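Okay, so here's the structure we're looking at.
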Amino acid sequence: MGFAKYMEDNYSRYYGTSIVRGREHDPFARGTDPRKEEKEAGQMKEQSSKLKDFTVAEARPMPVIVMADVSGSMSVDGKIEALNLALKNMIAGFAAESRVRAEIQVGLITFGGEDARVHLPLAPAHRISEISPLAAAGRTPMGAAFEHARKLVEDKEMISSRAYRPVLVLVSDGMPTDDWEPAFDALCRSERGQKATRFAMAIGADADVGMLERFANDPESPVFKAHEARDIHRFFRAVTMSVAARSQSTALNNNVPLMLAEIPEDDDLDLDF
Amino acid sequence: MLFASAATVIGPAHWEACEPNQDAVLLRGHRGGWFLAVADGLGSRQLSHVGSRLAVRTAYRSLRNGLIERSTREAIQGFYRDWLDVLPGKAPGLMATTLLAASCNRDGRCVIAQLGDGLALYRSRGGFGAVGDGRAGFVNETAALGVTKAFSAWRFAEVELVDPGDGVVLMTDGLADDLHPERLEGFARKLIREASKRGRRRGKRWLEQQLAVWPTAMHADDKTIGMICVIPK
């Protein structure tokens, strides 16, 4: 066995199963010129990949899909205005995140009147320049929203298998007025829908809390009950923090619960107690 | 003549969090052939970096103990029990890991086994293929040692590496999930050509460099790749 192979075998045994560490901790590299090492490190950084033709350039997506009640009852007490502002701030919050390890995408499905519709197609948050305000009118076709959501989550063209588990957010202030249960079951049992993280907010006293509790599937994030407009803001700020925290973590498919207690009331002074 | 090379690089997410590389790789010569195993510890499991390292070592030990000569089910069962036995403590779920392994004898007969995500590609006698089905769910969802007991979750292939350019490439999902599905054959050919023409040590360094400058935006995952291929004598 020649000297070169001896050193290679010692190097290999030292590192066991080929864990690569920084050269500054490498005893086999001691005594080398640090300027030469810095130059090599710089050269490596400048070196471009030879595999660009075979790899997807875009970051892995993390979809956030909001299903929002825009029935007539949302037009009172400032609810729809609060919802519009909260959604706008949530999208801006995602777009401003700089330390994420995934591309946060946002889609919005509204249900009001006779049907549900895709108000905002799924798109990267940083590319959403504005969102047209929601208007409240009509009945509460929540089943139609579940059907839209199921189709979107199961669509492998829209949400590829590279994507992290999506987050579904349902907000409502009333009872569904269509035949919602089959569509709800289909969403919760679909191959990909059952893996999504689901948060829910009940707005006001008339919301169907029981149904929302069936929808929400994170035991650490039960249905949030909003009693006034500013609660809507708090909920969406918690959703923003949860998704951002998850996208910065080392385990991006793990849920981060909604930390509503950590969201200060808007009226609170900035005091440490 | 058979050539082999492998490399692993810790991902930016674990590097910045001062956490260990959860991937593991083992490449050993064996009776004129080669044995290669790569494993990816599950991100959410506390000690999965331990599980992955023990998985690749136990897989090689199983080969040396002749497990591969038994029926496939017996071999997998024997290996799995050996892995459970070497785990410190009795919480295999905390050390859950995927595993991809390829054993190639001196005549080029190659057996490939896979549990969980990642990708095992092969070129053989002018044909190209991948072991297992594509991913149906989302990224980072996978079968794994310590989680999955079903034998049906394992995927196998037997190929013959005969002509120059024939080879097997194993990789963890830190790379596999960022590849264009329709360009996998080109990817395998490029890797085999570029790594093998550099020799073993420089080939490994070239692979490490490619993993370190991975072109996908915001890539975070640990990355591990290995290959066994035929080169001209």
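The values are calculated or read from the model by the stated rules, or taken from the named source; none is laboratory data. No experiment lies behind these values; they were computed from the predicted model shown. Cβ placement follows ideal geometry from the backbone for every residue including glycine, while neighbour counts extend to all protein chains displayed.
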Residue ID - surrounded by the most Cβ atoms within 10 Å (Cβ to Cβ), chosen from residues in region A:67-101 that are in contact (Cβ under 8 Å) with a residue 40 or more places away in the chain and assigned to a loop (DSSP other than H, G, I, E, B): A:70
Cβ pairs under 8 Å, 6+ apart, first in region B:35-50 and within 24 Å of residue B:66 (Cα to Cα), second of a type outside the set (Phe, Trp, Tyr) and at pLDDT below 90: B:35/B:63
Some residue of region A:123-143 being among the charged types (D, E, K, R), assigned to a loop (DSSP other than H, G, I, E, B) and buried (at least 16 other Cβ atoms within 10 Å of the Cβ): yes
Matching entry among A:103, A:81 (being in contact with a Lys or Arg (Cβ under 9 Å, 6 or more places away or on another chain) and either closer than 30 Å to residue B:214 by Cβ or of a type outside the set (Phe, Trp, Tyr) (or both)): A:103
Pairs with Cβ under 9 Å, 6+ apart, first in region B:17-28 and more than 7 Å from chain A (Cβ to nearest Cβ), second of a type in the set (Asp, Glu) and in a strand (DSSP E or B): B:22/B:40; B:23/B:40
Odd one out for residue B:121, checked against (1) in a strand (DSSP E or B); (2) modelled with pLDDT under 95; (3) of a type in the set (A, V, I, L, M, F, W, C): (2)
Test result for residue B:217, modelled with pLDDT under 95 and surrounded by 19 or more Cβ atoms within 10 Å (Cβ to Cβ): no
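Table: residues versus (1) at pLDDT 95 or above; (2) in contact with an Asp or Glu (Cβ under 6 Å, 6 or more places away or on another chain); (3) part of a loop (DSSP other than H, G, I, E, B); (4) not small (Gly, Ala, Ser).
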position	(1), (2), (3), (4)
B:74	no, no, no, yes
B:90	no, no, yes, yes
B:93	no, no, no, no
B:101	yes, no, no, no
B:107	no, no, yes, yes
B:114	yes, no, no, yes
B:129	no, no, no, no
B:133	no, no, yes, yes
Given (1) surrounded by 15 or more Cβ atoms within 10 Å (Cβ to Cβ); (2) modelled with pLDDT of 90 or more; (3) within 21 Å of the chain's Cα centre (by Cα); (4) assigned to a helix (DSSP H, G or I), index of the condition residue A:213 fails: (1)
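Each row is one residue, and each column tells you yes or no for (1) more than 30 Å from residue B:176 (Cβ to Cβ); (2) assigned to a loop (DSSP other than H, G, I, E, B); (3) among the small types (Gly, Ala, Ser).
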| position | (1), (2), (3) |
| --- | --- |
| A:165 | no, yes, no |
| A:178 | yes, yes, no |
| A:199 | yes, no, no |
| A:230 | yes, no, no |
| A:238 | yes, no, yes |
Subset of region B:1-16 (residues that are within 7 Å of another protein chain (Cβ to nearest Cβ) and of a type in the set (S, T, N, Q)): B:8
So residue B:124, is it without any contact (Cβ under 8 Å) to a residue 60 or more places away in the chain, surrounded by 19 or more Cβ atoms within 10 Å (Cβ to Cβ) and not hydrophobic (A, V, I, L, M, F, W, C): yes
